[in-house]
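Chemist: Just passing along the structure, written as C-alpha cells.
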Amino acid sequence: MADFLQSLVGSIDPYTLQILVNIGVAIPLALGLNVITGLTGQLSLGHAAFMSIGAFISAIFTNRLGLPFELNLVMSGLFTALIGVMIGFPILRLTGDYLAICTLGFAEIVKVVFLNLDITNKALGLQVLPAKTVIPMPILVWVVAILAIIFVTFLQSSRFGRALKAIREDEIAAEAMGINLPRYKVQSFAIGTFLAGIGGALYAHFLSYINPSDFGFLKSVDILSMVVLGGLGSIPGTVFGAAILTAAPEFLRFMSQYRMLVYGALLVCLMVFRPNGLLGGVNFTGLLMRALGRKAHETLPHIVERNEL
C-alpha cells in the first residue's frame, strides 16, 4: 500500500505537487481562523504565532523524541490549543480593534521568544527530520485537510456552531438568550488554534526547515486574506480563498516584490463590489438541493409517461 501511494505521488509533477501540498497546508490554517473570525466574529491578527507554536513543537517532538507523526500531529494541535486557551481567557474579554492589537502583540512576543530560545536554534532556524510515517507527506497533508473541512462543516451546522454565529451577530442578544460568551469564545479560540497547530506541524515536516522569521505579521495577513477573500464564515469560500492565495505567488512570480500590493488592491476591490467575499452568503446546501429537486422534477414526467404507455 505504501509503495502504491509513493508511486502515485511520484507520478505527479514535483512543481505541481508542491503547489498542491501548500494549498493542503493552508486549508486547516484558514479554516481555524474562519472559526475564530468568520464564525465567532473575533478578529485575530496573530494566527501565524499559533502556526509557529505547532511547527516548533512538532519539530521538537520529531527531532528529540522521535514520535510517530500521527501522534505528533495530534499532540502539536492539543499543545497549541492549550496555549490558545491560556491566551484566550484574558484577551477574549476585549472586542474589535483592542482584541486585534492584543493578538498582534502576542504574535510578536512568540516570534521574539523563538528567536532567543536555544531549543529552537534561535535565528538560525531548525532543521526538521523526516516524519515517521509510512504515508507519503503529500497524501497525509490532503487527508488532514479533508478531515478539517468535514470537521468544521459539522461544527458550523451544530448547536455549538449556531451559538458562535449568534455571538458574531449580536453579543448582547446572544447573552440574553443564555449563551455563555466567555466559554464559547474560548472554545472557539481553542478549536481555531488547534487547527493552526496542525497546519504548522504539516508545514514544518513538509519543508523540513522552519525559522521564526517565517511566521511574522505578513503570514497572519496572508491567512486572514484567505478567509476574507473567500467569505467570512463560508467554508467553501475559505477553501477557495486558501487555494487562490496559495497559488497566486506562483502566477505572480514575475512581480513578487509587489505581491502584497496586488493583495491589497484585490481586497479593496472585493470590499467595494463583493463585501461578503467571493463565496460569502452563498447557500451551497440550498443550491445543491435546488439542483437535485430540479433534476427530479425533470425526470418525473418521463417516468409518468412511461407508466401511461
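The values are calculated or read from the model by the stated rules, or taken from the named source; none is laboratory data. Please read these numbers as outputs of a predicted model, since none were measured by experiment. Heads up, the Cβs are rebuilt from the backbone with ideal geometry, glycines too, and the neighbour counts pull from every protein chain shown. With ligands, DNA and RNA removed, areas are computed over all heavy atoms of the protein, side chains included. Shrake-Rupley method; radii C 1.70, N 1.55, O 1.52, S 1.80 Å.
Chemist: Identify, please: which residue in the stretch 118-138 is closer than 16 Å to Ile198 by Cα and of a type in the set (Val, Ile, Thr) and is, among those, surrounded by the fewest Cβ atoms within 10 Å (Cβ to Cβ)?
Modeler: Selected residue: Thr133.
Chemist: Scan the stretch 3-58 for residues that are assigned to a helix (DSSP H, G or I), open to solvent by 40 Å² or more (accessible area, probe 1.4 Å) and among the aliphatic types (A, V, I, L, M) and jot them down.
Modeler: Result: Leu8, Leu20.
Chemist: Looking at the stretch 295-309, can you tell me whether even one residue there is at pLDDT 70 or above and over 25 Å from the mean Cα position of the chain (by Cα)?
Modeler: Within the stretch 295-309, not a single residue is at pLDDT 70 or above and over 25 Å from the mean Cα position of the chain (by Cα).
Chemist: Taking Leu71 as meeting all but one of (1) in contact (Cβ under 8 Å) with a residue 12 or more places away in the chain; (2) surrounded by fewer than 24 Cβ atoms within 10 Å (Cβ to Cβ), write down the number of the exception.
Modeler: With respect to (1) in contact (Cβ under 8 Å) with a residue 12 or more places away in the chain; (2) surrounded by fewer than 24 Cβ atoms within 10 Å (Cβ to Cβ), Leu71 is out only on (1).
Chemist: Now for a separate question. Would you check if Leu115 is of a type outside the set (D, E, K, R) and surrounded by fewer than 17 Cβ atoms within 10 Å (Cβ to Cβ)?
Modeler: yes
Chemist: So which of Gly241, Gly199, Gly237 ends up being under 27 Å from Leu73 (Cα atoms), at pLDDT 95 or above and either open to solvent by 30 Å² or more (accessible area, probe 1.4 Å) or assigned to a helix (DSSP H, G or I) (or both)?
Modeler: Every option except Gly199 fails the conditions.
Chemist: Ok, one more. What pairs come out if I take residues in the stretch 153-176 that are over 16 Å from Gln42 (Cβ atoms) and open to solvent by less than 70 Å² (accessible area, probe 1.4 Å) and pair them with residues that are at pLDDT below 95 and among the aliphatic types (A, V, I, L, M) whose C-beta lies under 7 Å away, six or more apart or interchain?
Modeler: Qualifying pairs under 7 Å: Thr153/Ile235.
Chemist: Anything in the stretch 204-220 that is assigned to a helix (DSSP H, G or I), surrounded by 15 or more Cβ atoms within 10 Å (Cβ to Cβ) and of a type outside the set (Lys, Arg)? List them, or say none.
Modeler: Ala204, His205, Phe206, Leu207, Pro212, Asp214, Phe215, Phe217, Ser220
Chemist: Right, here's the next one. Look at Pro90 and say whether it is touching a Cys at 6+ places or on another chain (Cβ under 9 Å) and not in a loop (DSSP other than H, G, I, E, B).
Modeler: Spelling it out, Pro90 is indeed touching a Cys at 6+ places or on another chain (Cβ under 9 Å) and not in a loop (DSSP other than H, G, I, E, B).
Chemist: Hey, Met271 hits all of (1) more than 30 Å from Leu129 (Cα to Cα); (2) aliphatic (A, V, I, L, M); (3) crowded, with 18+ Cβ neighbours inside 10 Å but one; which does it fall short on?
Modeler: With (1) more than 30 Å from Leu129 (Cα to Cα); (2) aliphatic (A, V, I, L, M); (3) crowded, with 18+ Cβ neighbours inside 10 Å applied to Met271, the lone miss is (3).
Chemist: What is the number of the single condition among (1) at pLDDT below 95; (2) of a type in the set (Val, Ile, Thr); (3) open to solvent by less than 50 Å² (accessible area, probe 1.4 Å) that Val141 does not meet?
Modeler: (1)
Chemist: How many residues does the stretch 177-196 hold that are open to solvent by 40 Å² or more (accessible area, probe 1.4 Å) and closer than 30 Å to Lys132 by Cβ?
Modeler: Residues meeting the conditions: 1.
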